[in-house]
Every structure is written in C-alpha cells, then in structure tokens.
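What follows is a short report on a single structure.
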Amino acid sequence: MQPVIEINNLTKTYGDTCAVDDVSLAVYPGEIFGIVGPNGAGKTTTVELAIGLRKPDAGSIRVLGLDPQQDAFALGERIGVQLQQAALPDRMRVWEALDLFASFYRRSVAWQPLLDQWGLGDKRKATFASLSGGQQQRLFIALALVNDPELVVLDELTTGLDPHARRNTWNLVRAIRDQGKTVVLVTHFMDEAEKLCDRVAIFDQGRVVALDAPGQLIKSLNQGSRVRFTAPSGLDMSWLQEAPGVSRVDLEKGDVVVHGNGALMAQVAAALAQRQLMPPDLRSEQANLEDVFLAVTGRQMEENHAYAA
Amino acid sequence: MRTLLKMTWMEIKLFLREPIGAFFALVFPLMLLFIFGSIYGNEPNPYFGGRGSMDVTTPGYIAMIIGTTGCLSSPITLSLYRERGILRRYRVTPLNPLAVIGAQVVVNLAITALGIGLLTVAAHFVYNVAMPEAPVAFVLAFLLSSFSVLSLGFVLASLLPTARTTQIVGMALFYPMLFLGGGGMPRQMLPASMQRVSEFLPLTHVNILISGLWAGEGWSLVSVLVLVVMLVVGLTISARMFRWE
C-alpha cells in the first residue's frame, strides 16, 4: 500500500539543538497515526516539516506523493490542518471564517453540517474572540475539514478541553477516519494516543524511540499486571511479597503497587482479607503507553515535562 | 480572484468593526475640520495668499488620513496577524500569500478614499472649501501617496517583531509627520528651520503634492520624486524582509 506520508532520515536543527534527529516513519491510508511524546520531543516540528511550514536540513518527505516544499499549493488543496498555535482575527464571525476558508480551495464541502457536527451550529454568528477555548479548537477542526481533505493533521487537539469534551472529540476523530480519511494526531497525552490511535510513533529528544500499534507496544513490555491500593497508615506491607503470583511490591505516592502475574487481583485480595485488610480502592491496572515510554527511555513522562520546561 | 474579492470584503468588514481604526480614518479628520474650522473660519486671508485657513489645512488633513491608514492601521493589522498566528493558519491552505497583502492594500485604499471623500465634501459644504481643481490628477496623487506611505508601513511590519512595537514606531513616525507636515497647522506657520526639517518627512510631500493639485498649481515634481523613491525602496525592503511567522 502506498503510504500517505513517507519520511526518511529527516533532520532539522535550530542552532545547537537538534529538534528532529534522523526520523523515519510511514503513515498509511485510513489510519489514525499518533505522534506522541513529551513537550519538546520534536513532534510538532516533524509535522510542520511534513506539511511544508518548515524546510528540512536533511532527509526526504513525501506527502500524498508530493514534495511539501515544491508542491505546496497542490498539497494544500488535499490536506486539512489544525495547528497548535493559530488564530483568526478577533472580530471574524464563525460563518465568515468557514465561508472564507472554503473559498481558498478548488473543492469544498457545505460548511453548515460541519458546524452542526462540531457543536457550533448555534455559534454561527459569534465572533472568534467570543468563543471559548474549546469552541475555537472545534472551529479550527471544522476549518481543517472544509476542503474534504484526504489527510487531516491535528496538533494537540484536546489540550484545554474538559474530560467530557475530550471524549466527544475522540469520537469525532474516529468519525473522520471512518469517512476514509487518514488522520495524524500529535499529542502529549499518552492515554489519548492509546485510546484513539491505530499506530503510534513515540518521540523523545527528536528521535522515534518506538513505533507500532499501542496494544503491540504494551504487549511487548511483557509486564504482567499490577494491583494498586492506598497504603494503610503505619502498616508494613512488605509481607505481600510472599503472596502467590507477586513479583514485587512498591510504595508509590502513598499507594501500594503490587506487580505480578496470573490472577494477581484475586491473589492479592485473598492475602489482604486473610489479615482482615479490605482497602476500598483496591484496583487492577494494566500496563499503558507511559510504561512503554519508561521502558524505552528510562524516564517517566512527568520527569521529562520538567526537563522540557 | 474570487478569493481576493472575498478576502478584501472580509477585511473591510473587520476594519469597520474595529472602532479605533475606523475612528482615525473616518471620524477624527472631520472632528479636526470642525474644531479648527470653528476657531479660524475660512475667510480669505492675505497671510495664505488670499485663501482661507481651511483651504490650506484641508489637504493637510488628507495627508493625515493617508498617514494614519498607511503608517498605522495596515502595518499594525499585518503585524498582529503574524504575531497571533493568523498568517500561519492561512499558510497551510492553497491561498496565495499575496492575496493577504493584496486585500490589505485594497482595504487601505478604500478606507482612505472614503475618509478623504467625507472630509472633502464636509469641507466644501460647511466651510466653502473649493473642490479640487484637477480631480483626475488629484486621484492619481492620492494613489501615489497611499502606495508610497503604505510601502513605508510594510517596511515597519517587515522589520518589527510585534504588533506593539509596530504601533509604537508607527506613532513615533506618524505624529511628527502630522504636526510638521501640515496636518496640525499650516506649514506656512512653522519657523523656517522647522519647515526645512519637515521637508525630510514623507507626509510633508503628500501634503505639498495634494495642496498644489487642489489649488490648480500643478504637480510638484520634487514631491513626486520623493514619493516614488520611497515607494520603490519600501517595496524592495519589505519584499526581502517580510516574514509570515
């Protein structure tokens, strides 16, 4: 299958910093492809190179078979982009923005259904400045779809949205894919990437450190499962180590975290009950993409935030 | 072309919704006309060679309108569009970037022409200021002046990093040009030394050019030359230095 995006040995340097360092990846038609990693990992730069906003220092990029630098106009017709840092004039109204952007393209879709679909139907006449952050975000997504693009690029789509709005947005992104479009999703939320993406490239310090389906990446960790509960005050819990199936017991921010295999939850619950302990928040946890990040980089995502700031 | 028209119409609407820009281009010149007209009237005055105060200052107000839209409104708008990422958003569409600039130029000319029209009509009916002697030449002078001052404005938008600095530098250029170039008081009232200084300011030449054509005295070739040179230099610099982000 011909890839929608094909990047080979891409490099981009700013002064002494190598923002993108020998990145290669391919995005295939009809998938939601995640570019994930901490802030400053080179995600946005990679995407901006791919859509022709920046010029690469080395390496090759083909998007929909086009060179983003040389065929910028032809590519612009066929992609839709929601940028992390973008704005519209304060006094431009929602309908005016869609009407204006539709006029930029040779082919465009009716924008009223787009407004309804993205929950802006009653905001038609509102000015850009009067919209909330989430509404502005959704307007930019609607603008990214107005030319019925083959490839949709969404950069930090749900930043600033409340949990309910985030889940709604995820469903709408799935709906974009189900229309047959390819979606590239840039995000620093690992849970978002895990739930939404068919495949992810994990970025760290300008490099791709892992690339596969989220489920595959997690499975390859071979981490078994975890059980977590609030540590009972004043009690030493290290005896849990002796319970069947348990490999390790950690204390993490006031939680006891029990690592192990097999029917770990049942084993831990039984061991606790034997000592008359019934922690009300006893819960089972699966390995996730954050664990993958930890495994491949040796660092926690949060540590990396502080590092990037 | 359809895009350019749509963009231009959009920018006209945005301009009119922005009260400050519309005020300085359309209302403020009328205010000045009525304030100074009430103070000085427009009786023939030997000091102005038999013309009235308002006959002499009205071209100065026209220069002021050209200065305020070209040196302040347009460059501040462009700077703001760049600073906030509006140009960036346009760049990921097939839109020709020149349409953004083109729309700014057309809006600038339209608003400036509207401001000049309002002022000229008011001056004529309220203070009996004669209509321009050579209307076609007057329109050509208006176009040359607007393009020239606008190219200076584009230089500001190209070289300065933020809308704020563009605004401050634009004002620092505009106000001396306004007061020394005949927008505040007739240039004839300035001391000879300041009249010399004012000849180095572009807006003075807009005023000289328009005053001359208004009074039927023909083209001031020196002023035409100054404005053409400024236009060429301004376009060259901004074409090389303008950044979309």
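Where a number appears in this text, it was derived from the coordinates with a stated rule and is not lab data. Predicted, not measured: the structure shown is a model, and the values here were computed from it. Every residue, glycine among them, receives a Cβ derived from its backbone with ideal geometry; neighbour counts consider all protein chains shown.
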| remark: Note on chain B: helices (DSSP H) long enough, at least 20 Å by alpha carbon along their axis, and hydrophobic enough, mean Kyte-Doolittle at least -1.0, are B:2-17, B:53-67, B:97-127, B:135-159, B:163-180, B:221-241
| query | Looking only at other chains, what is the average number of their beta-carbon atoms within 10 angstrom of each beta-carbon in A:96-104? | reply | 5
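Report the extension gain between residue A:39 and residue A:277 in nm, rounded to one decimal, defined as 0.36 nm multiplied by the number of residues separating them, less their alpha carbon distance.
So the extension gain works out to 81.5 nm.
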| request: Give, in nm to one decimal, the length gained when the segment between residue A:241 and residue A:162 is fully stretched (0.36 nm per residue of separation minus the Cα-Cα distance). | output: 24.5 nm
| Which order results if B:64, B:185 are arranged by neighbouring Cβ count within 10 Å, fewest first? | B:185, B:64
| query | For chain B, what does -39500 (n - 2.57) per DSSP helix run (n ≥ 4), summed and divided by total residues, give at 222 nm, in deg cm²/dmol to the nearest 500? | reply | -24000 deg cm²/dmol
| message | List the pairs from A:123/A:195; A:125/A:181; A:12/A:43 whose alpha-carbon separation is above 18 Å, in the order I gave them. | response | A:123/A:195; A:125/A:181
| remark: Taking r as the C-beta separation of residue B:27 and residue A:67 and R0 as 45 Å, the FRET efficiency to the nearest 0.05 is 0.35
| Hey, how many Å between the Cα centroid of the range A:96-169 and the Cα centroid of the range B:193-240? | 47 Å
| note | The residues B:189, B:177, B:7, B:230, sorted from fewest to most surrounding Cβ atoms within 10 Å, come out as B:189, B:230, B:7, B:177
| Based on DSSP, what percent of beta bridges with both residues in the protein assembly as shown are antiparallel, to the nearest 5? | 65 percent
| note | The farthest towards the positive end of the charge dipole of the range A:1-69, of the residues A:56, A:20, A:30, given +1 on Cβ of Lys and Arg and -1 on Cβ of Asp and Glu, is A:30
| If you take the beta carbon distance between residue B:159 and residue A:221 as r and set R0 to 45 Å, what does 1/(1 + (r/R0)^6) give as a FRET efficiency, to the nearest 0.05? | 0.25
| field | Over chain A: helical MRE at 222 nm, DSSP H runs n ≥ 4 each giving -39500 (n - 2.57), nearest 500 | value | -9500 deg cm²/dmol
| remark: Ranked on Cβ counts within 10 Å of their own Cβ, fewest leading, A:188, B:205, A:164, A:259 go A:164, A:259, A:188, B:205
| query | What does a probe at residue A:31 reach in the range A:52-78, counting residues whose amide N is under 18 Å from the point 7 Å along Cα→Cβ? | reply | A:61-65
| note | Per residue of A:134-146, other chain Cβ atoms within 10 Å number on average 1
| request: Any chance you could check the Cα centroid distance between the range B:41-114 and the range A:179-224 for me, in angstrom? | output: 51 Å
| request: Taking amide H positions as placed in the peptide plane 1.01 Å from N, state which residues far from residue A:209 in sequence (5 or more) or on other chains have amide H under 5 Å from it. | output: A:202, A:203, A:204
